[in-house]
Every structure is written in structure tokens, then in C-alpha cells.
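The values are calculated or read from the model by the stated rules, or taken from the named source; none is laboratory data. Model, not experiment: these values are computed from the prediction. Quick reminder, even Gly has a Cβ in these numbers, built from the backbone with ideal geometry, and neighbours come from all protein chains shown. Note: areas computed on protein heavy atoms with side chains; ligands, DNA, RNA excluded. Shrake-Rupley method; radii C 1.70, N 1.55, O 1.52, S 1.80 Å.
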Amino acid sequence: MAQYGVDLLWVLILASLGLSAFAIFISVSRHRRQHSKVVNSPSFGDDVASEAARKVLREVEKNGQSVDAALVTWSPETLRKILAEDLPDAQVIVVSNREPYIHNEDKNGDVELVVPASGLVSALEPITRACAGTWIAYGGGSADRQVVDGDDRVQVPPENPSYALRRVWLTEEEYQGYYLGFANEGLWPLCHIAFTRPIFRESDWEAYEAVNRKFADTVVAEARNERPIVLVQDYHFALLPRMIRERLPEAIVITFWHIPWPNSEVFSICPWRERILDGLLGSSIIGFHTQFHANNFTESVDRFMESRIERADAAVSYGGQTTLVHAYPISIEWPVQLLKSLPPVEECRAHIRERFGIPADAKLCVGVERLDYTKGILDRFHALEELFIRYPEMIGKAVFLQIAAPSRGTLPAYKHLHEECQRLAEELNERYGSGSYRPVVLVAEHHSQKDVYKIYRAADICLVTSLHDGMNLVAKEFVAARDDEEGVLLLSTFAGASRELLEALIVNPYDAAMMSEAMRQALIMGPDEQRERMRRMREIVRDNNVYRWAGSMLLDAARLRKRGELDRVTALSERPAIANGDNVVSIFERKQAAGYR
Ligand code: F6P
């Protein structure tokens, strides 16, 4: 009887793997057919499609990975299809600290709508629209309470509502401890190599835990059934995945860590390191922008937790549950919808030059970001000075426009940065300016997305010189904005985007001499070279767009869900007595089962 049970188990496993492979084959062929209609010439033909599908099957056989995302043309429609076909009836819930729409009261007492300067928001907003999901976030706007319904929800986007934004209210004390304190004075400097000392306070930790619990309560309240797909965003919510797992064991929790993950020695500084890892390992999947940061995370788990690391499967087994640890490079929507409403490049150039007083014979170099010490803003100023020292003929020929959206401005490190930026900008203007020529224009104000895209379109050069950055979406936005195929991107080697945008001029922001040489190269680069570089980068951003980012995670989620179902079926037969983890793939248990037999 026992032998019969074990045989049945194997028959079910093999049959199910066969069915999954067949389903993936069919799904890939379907996506491939759609794709080939759009981009492939007939010479590629069916051979390529079937070879591609065979490649996918080989991958599936090799390590259980999901469909090769590169085979699909990614769009909102693709996401909707994945949800409808691979995750039927799944409710998508996004959780982030920053909300995609902030309602503020202006000085006349009217309500104004602000879209925050946040890469996270610009990436997730089109996804949530496509999935018609629910987005849970901290309601931080001064008029946020005025516009919600009785359940603290507001339908957005306002012009064409397609999903619900559920606001969570925080007390001033919670906000201080959880957001400003633990998240931004503790975890943020801990995870970025920018040589700012992390500060850890017990009271901040307590607030962080309490706020994570508040969000967990809200996720449970918003879940329409036991099995939502919850997309947890960023370092504000390291404890949330475990809290959700405890209350909704059948949920698929996908956590995306938008910032770098430090090596295990640096991570060991954090007094609550085990709690943070335990919280994150409540996720079904943890995503990072780069493989490097995914590896750092796995090493931290290996060092501090009683766990088993399965490198070949990119998975961690901990407390009877398995978590996949993958790199999913984030991106932006393609095509950018906003571009439709923008004037041609020439008009943007004229408008922006006039607005910021840029002389006709000077090239426009721009930097656009939150005013943050990880972004290397001061290093750009140093590089500009170095350029003027090395090539005095460039004085008068270049203006650097820095748009810096104020952020976390009450924290000492940010106040200090703001002051330093102002001081250095004035110093450079005094030293190298003359008449109406000012080499640095510093605008420390929030700008709308529309304005930011106009600035990208007007720029000759865009500088993204982060000291350390998970991805950096400004680099990708600049490329997307340049449908004229001109403009040069200077990109830090320490930003994740430099792994993809190889045709940028890649720089080390700590090396002012190197940066100044790159700036010169950009200033004198001819239009043909600009076009060649820009064209290639545009292809990369088009193909690796944000729908691919989300779609890859959703496909992996679908795979986990199918395996979870398989586990449930096999659990019905007589099987070796092993601990089974929730709905999450139990690779190790399955291997144990094989060994047991
Ligand atoms: O870069 C990490 C990140 O969380 C982004 O995802 C987001 O754009 C930004 O930081 C958030 O900044 P703020 O603290 O102003 O919300």
C-alpha cells in the first residue's frame, strides 16, 4: 500500500510537470506569435519561434525557471492576459509607503493633486492600472482625508479611475519613527554605500514594527479572499511579508526591495538584522534590481539565519517555507503615455532655455532627482569645476541645470546636503559666471512629470551620477523622452541602470577628473554618434519595460501557485511525512521526498 502511494506520488509529479511544461510551451508559442506579428520579419519565421520555445522548455527542465520573458512583447495587455489566464481571479494588492497621488491643500484652500517624484510610483502606477488592483499607501497629503470615502479609499487616476487607492493614516509619532527614523536614518544609509552613518534607535524600531502591523491589518481588510497577490514595495516594509503570511497563509507575497542590499558584513551592523530577514522571508518571492544585490541578500540569510540556500534554484528554505530570491530589473512604461501630450523637442528646448535663462551658445546639461546624498549631486558640481579647470574654453559653453525635489528635508543629513548644494552652486557661479551667464542653475523644487519630461527633451546631456542606486529610473526616462534619438547620457557605474544602458558614457562619480573628461566627450559628441547610442538604449528600454518587470514576477507567482496546488494534490496521497510550507514551492521537501524513496 505504501509503495502504491509513493508510485502514485511520482506519477502525479511527472504528469503535472509534463502538463506545466506543455502549458508553458503553448503560452510561449502564443506570446511569440503575437510578438512576431509586430516586430519580426518573415525570415525569422517559425523555426525561430519553435527554437525559442524549445529553449524555454530546456530552461524549464533544467531549473524550473519560468517562461523566458524576453520572448514576449510586454504591454498592459500582456499583464492582463497573464492575470486572466495564469492567475485567474487573483486580486492584486500593491503596498508602498509613498502614494501615487497626493491631495494637498493649496494656499487658497483648494485641493491640488500632486504626483510625487518617485521612481517607484512611476513604475508601479501603470501596472496597478493594468491590473485594476488596490494600492495601499500612507496618506500624507494635507487634503488626503477630504477626498476619501467612508472606507478611506479614493478611485484614481482622477481623470480616468481604474483602481482604488486605500490610504493608511499615521500619527506624527509613527511617521517620525517609522519613516524618518528607522527607514530613512537607519535602513537607507545602511543599504547605500554613500558613507553616511546609519542611526538605529529602539523607539524607531518599535514604530517601524507598529506601522508594518497597521499595514498588515489593512492588507487583510482589503483582501477579497484568502489568496491575493500582494506586491510589497521597498525598505519601509521589511516586517510586513511575515505578518501577511501569518494571517493569509495562501497569499502570494512578492516583495520588491528597490534599493541596494549591502554585503553581510555591513548588514550585520543592524541591531534587528535577524528580525528583518525573518520578516522578508515571509515572502514567496523577493526581488532586487540586480543579481549582485540578490546575492548579497542570500549571503546575509546564509550568515544569520538557520536556513538552507539552494543556489541552483535561487531559493532560500527557512522555517519550512521556501522563498525565491531573484533579480527583476525595474523599468518604465513603454511607450510613455505622457509623451503624446508634449510638444516636439525643438519647442521644449526653446521653452526650457527661456524659462531657465540658458544662453543660446551654451549646451544644456541636466540632473533631475530627489535631493538625496546618494545621488552624487555635489560630485557633479566638482566635475563641472574640473571641466572648467582642464578646458577653460568650455566656460560659457555649458550650463548645468539641477532640478532637485526636496525630500526627507527635516533630517540633518538632507538639510546639510541642501545647504552644501546651494553653497557650491553660488561658489561656481561667482567663480565662472559673467554677465548673464551662470554655469549652475539649482532649482530645489518639486516639478510635475510633464515638466520633467520637457526638461529631458530640452537637454543636450543628462547626468545620472549616483554614488549608489538600486536601478535609477531617471536614466531610463531620459532615454524614453528622446524620440528624436539625440542627447547623451552620463551614467554612474554604481547605478543598476548601468548594467543595461551600456551605450551611456559610464562614469565613476568619485573620480572628478574622469567625469569631467566624460562631460567633455558628451559636449563635443556629434549627432551621428549620439543617435547610434540613443537608438540602442531606446531598444533596451522598450524591450525591458516595466510590464516585463511586473510580468516576470507575476509569471513566477503563477508558477508558485501551480506548484502549491500540486503540493496540495500530492498531500492527499500517501506521502513521506515531511513538513510542507504553505502554498509556496517546496523544492527541498520534494528533493527530500525523492531521497526518501
Ligand atoms: O529609491 C528608493 C525609493 O523608495 C524609491 O523607490 C522612491 O522613489 C524613493 O525612494 C522614495 O522617496 P521618498 O522617501 O521621498 O518617498
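Structural remarks
- Failed item, numbered, when L364 is tested on (1) at pLDDT 95 or above; (2) assigned to a loop (DSSP other than H, G, I, E, B): (2)
- Search result, residues across segment 164-212 that are buried (at least 17 other Cβ atoms within 10 Å of the Cβ), of a type outside the set (D, E, K, R), farther than 22 Å from D278 by Cβ and more than 13 Å from the ligand (Cβ to nearest atom): A164, L165, V168, L170, T196
- Restricting segment 381-413 to residues that are open to solvent by less than 50 Å² (accessible area, probe 1.4 Å) and within 16 Å of the ligand (Cβ to nearest atom), the residue that is farthest from A362 (Cα to Cα): L411
- Residue in segment 333-351 that is among the β-branched types (V, I, T) and in a loop (DSSP other than H, G, I, E, B) present: yes
- Residue in segment 129-144 that is of a type in the set (D, E) and more than 28 Å from I82 (Cβ to Cβ) present: yes
- Considering I259, I252, the condition of being within 16 Å of the ligand (Cβ to nearest atom), surrounded by 17 or more Cβ atoms within 10 Å (Cβ to Cβ) and at pLDDT 95 or above is satisfied by I259 alone.
- Filter result for L277 (open to solvent by less than 20 Å² (accessible area, probe 1.4 Å), more than 16 Å from the ligand (Cβ to nearest atom) and touching a Phe, Trp or Tyr at 6+ places or on another chain (Cβ under 7 Å)): yes
For every residue, the table says whether it meets (1) more than 16 Å from the ligand (Cβ to nearest atom); (2) of a type in the set (A, V, I, L, M, F, W, C); (3) in contact (Cβ under 8 Å) with a residue 24 or more places away in the chain.
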site	(1), (2), (3)
Y453	yes, no, yes
K476	no, no, yes
M514	yes, yes, no
E539	yes, no, no
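- All conditions but one from (1) of a type in the set (V, I, T); (2) open to solvent by 40 Å² or more (accessible area, probe 1.4 Å); (3) in a helix (DSSP H, G or I) apply to I269; the one that does not is (3).
- D217 over 23 Å from the mean Cα position of the chain (by Cα), modelled with pLDDT of 95 or more, within 16 Å of the ligand (Cβ to nearest atom) and assigned to a helix (DSSP H, G or I): no
- When T298, T290 are screened for being touching a strand residue (DSSP E or B) at 6+ places or on another chain (Cβ under 6 Å), open to solvent by 10 Å² or more (accessible area, probe 1.4 Å) and more than 16 Å from the ligand (Cβ to nearest atom), only T298 passes.
- Residue match in segment 81-90 (condition: crowded, with 23+ Cβ neighbours inside 10 Å, outside any loop (DSSP other than H, G, I, E, B) and within 11 Å of the ligand (Cβ to nearest atom)): no
- Which numbered condition H236 fails, given (1) more than 13 Å from the ligand (Cβ to nearest atom); (2) open to solvent by 10 Å² or more (accessible area, probe 1.4 Å): (1)
- Subset tally (residues that are open to solvent by 10 Å² or more (accessible area, probe 1.4 Å) and hydrophobic (A, V, I, L, M, F, W, C)) for segment 455-486: 3
- For first residues located in segment 405-426 and within 25 Å of F182 (Cα to Cα), partners that are among the polar types (S, T, N, Q) and open to solvent by less than 50 Å² (accessible area, probe 1.4 Å) and lie 6+ apart or on another chain with Cβ distances below 6 Å form the pairs R408/N184; A413/T196.
- S162 meets the conditions (1) closer than 19 Å to Y101 by Cβ; (2) touching a helix residue (DSSP H, G or I) at 6+ places or on another chain (Cβ under 6 Å); (3) touching a residue at least 40 places away in the same chain (Cβ under 8 Å) in every case but one. The failed one is (3).
- Test for N429: is it free of Cβ contacts under 8 Å to residues at least 40 places away in the same chain and open to solvent by 10 Å² or more (accessible area, probe 1.4 Å): yes
- Single residue of segment 305-332 satisfying the filter (without any contact (Cβ under 8 Å) to a residue 60 or more places away in the chain and either charged (D, E, K, R) or in a helix (DSSP H, G or I) (or both)) that is farthest from F478 (Cα to Cα): E306
- When R423, R438 are checked against the criterion of being surrounded by fewer than 17 Cβ atoms within 10 Å (Cβ to Cβ), more than 14 Å from the ligand (Cβ to nearest atom) and not hydroxyl-bearing (S, T, Y), a single residue qualifies: R423.
- Put simply, of L83, L71 the only residue that is modelled with pLDDT under 90 and closer than 21 Å to A164 by Cβ is L83.
- Search result, residues across segment 91-126 that are assigned to a helix (DSSP H, G or I), within 14 Å of the ligand (Cβ to nearest atom) and either open to solvent by less than 20 Å² (accessible area, probe 1.4 Å) or free of Cβ contacts under 8 Å to residues at least 60 places away in the same chain (or both): V121, A123, L124, E125
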